[in-house]
Amino acid sequence: MSEFIDRFTAAVAPVIAFDNNVEMVEARGAWLTDAAGKRYLDFGTGISVTNCGHNHPQIVEAAHRQLDRVWHGGGTFRYDSYVSAAEQLISVAPEPIDQFFFMNSGAEAVEAAVKLARHTTGRQGVVAFRGGFHGRTMGSVSYTTSAVRYRSGYLPLLPSVYIAPFPHPFREGLTEEESTARALFDLREMLRHEVAPADIACFLIEPVQGEGGYYPAPAAFLQELRDIADRHSILIIADEVQTGFGRTGKWWGIDNYDISPDIISIGKAIANGLPLSAVGASRDLFGKWPPGVHGTTYGGNAVACAAAVEVVNVIGDLLPSVPALSEQAFAGLRAMQSKHPSVGEVRGLGLMIGVELVNGDGQPDARALEFVGEHLLDSGLIFHPCGPDHNIIRFIPPLLISPEDLDHGIQLIDAALTAWENA
Ligand SMILES: Cc1ncc(COP(=O)(O)O)c(C=O)c1O
């Protein structure tokens, strides 16, 4: 163990887990440099946070400019970067969303979105979906079922939360149509047996399940949810914390579908690494939530908001190149899949791609992922796993990745899989 890790072990509570023991000292664009001067291609992006790449000069400059002016208001006064960030988000928000307010983390945004839904509908029921990840605070973890380890040891969680199935065709060994039909049947049964639609405030759903395994929602599934919601005045919260800001090739995950959300929760990439999150809804809905019934001290920090203003500009510039990069990534990864029996499925949208590793019986293979992870670290590629069994490579490079770096990353994964299959 290095002295650096000794200091970590002594001073930092072990519950906060890190993927590796590398000490990074510099980050630029798609690349990281460790204390020994070794370079790594970053396909982890801090879990889809640094979508614009590390230390993007436009964003750094905007944050610096704000640092020299005003840092913090905490609700005691107004400043320009707050309203500018909201205006920027409105300019790219899905219909009918035309207002925002800010917080610090994704979990906080999800909790606020649910509070908004409960307060304005007067109903308490929340339907979330199996495999979803919405955060780790006591409220948000009540909606999180991406893996049982997030819940175990913390029971009881919030009441009036109902977990409905989400289609996971690969896991279930079904086609997308079969899996969707099964999930919708179970949802309808839930509404017959467990909770009346009239008691449900909201459906809370990720357009592409992230932590739960990079499963895009089938279009027919979301459409039926929208129809049920409309029939029963239930609100739909799209949790865009991971799917937002160009990750799926469009501004928002939900933009890949033909439905509109009532509320969105956003975080992660919003300020490219400075802590900021937000909830968006229509002016009409927000108008039913009286001033002061919710709030925050740090939310909408002036420097983070200044960064967010620039992030929207940078993502706007990067977005047109994402479809071609996505096509290149899927083509490369699917070619790799055809050579490697340990790759069960490659799935996702845009540059939010999961590569699922399986054993000879087609079951999740966490050992393969651990081996591949160590191999990739040695060869200079950083990624973060996902899925309840930790057997899925999250392929989430920054949106400014060059086609050459993208191919380089795929080749490194290919080589790591070859090493695993020959081990
Ligand atoms: C979809 C989704 N919602 C909520 C969260 C929670 O965000 P945070 O870790 O910032 O609280 C995450 C984090 O990974 C997420 O992916």
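Please treat every number below as a calculation from the coordinates, not as lab data. The structure presented is a predicted model; accordingly, all values stated were derived computationally and were not measured. As a convention, Cβ positions derive from the backbone with ideal geometry for all residues, glycine included, and neighbour counts pool all protein chains shown.
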antiparallel share of DSSP beta bridges within the range 57-318, to nearest 5, in %, is 40
To make sure I understand the rule: partners must be lysines, Cα under 28 Å from the Cα of residue 115, and not fewer than 8 residues away in the same chain. Which ones qualify? 250, 268, 288
Looking at the range 114-184, which trypsin sites (Lys or Arg not before Pro) are in a loop (DSSP not H, G, I, E or B) and have at most 10 other Cβ atoms within 10 Å? none
Expressed in nm to one decimal, what extension gain is obtained for the pair residue 39 and residue 188 from 0.36 nm per residue of sequence separation less their Cα-Cα distance? 48.5 nm
With n ≥ 4 as the cut-off for DSSP H runs, can you work out [θ] at 222 nm for the chain, using -39500 (n - 2.57) per run divided by the number of residues, rounded to the nearest 500? -12000 deg cm²/dmol
Output the peptides 261-271, 44-54 sorted from most to least packed, where packing is the average of other Cβ atoms within 10 Å over each peptide's residues. 261-271, 44-54
Gyration tensor on Cα atoms of the range 348-423, a ≥ b ≥ c root eigenvalues, a/c under 1.5 rounded, else prolate if a/b beats b/c, else oblate, says oblate
Between residue 58 and residue 419, what's the calculated FRET efficiency when r is the beta-carbon distance and R0 is 56 Å? Round to 0.05. 0.90
Can you pull the semi-axes for the range 124-265, root of five times each eigenvalue of the Cα gyration tensor, sorted largest first, whole Å? 20, 18, 16
Would you mind giving the three semi-axes, in whole Å and largest first, of the ellipsoid equivalent to the chain according to its Cα gyration tensor? 32, 28, 20
Residue 5 paired with residue 363, simple spin-label distance in nm, labels 7 Å along Cα-to-beta-carbon: 3.0
If R0 is 25 Å, what FRET efficiency do you get for residue 384 and residue 282 from their C-beta distance, rounded to 0.05? 0.15
Taking 30 Å as R0, compute the FRET efficiency from the Cβ-Cβ separation of residue 15 and residue 115 and round it to 0.05. 0.65
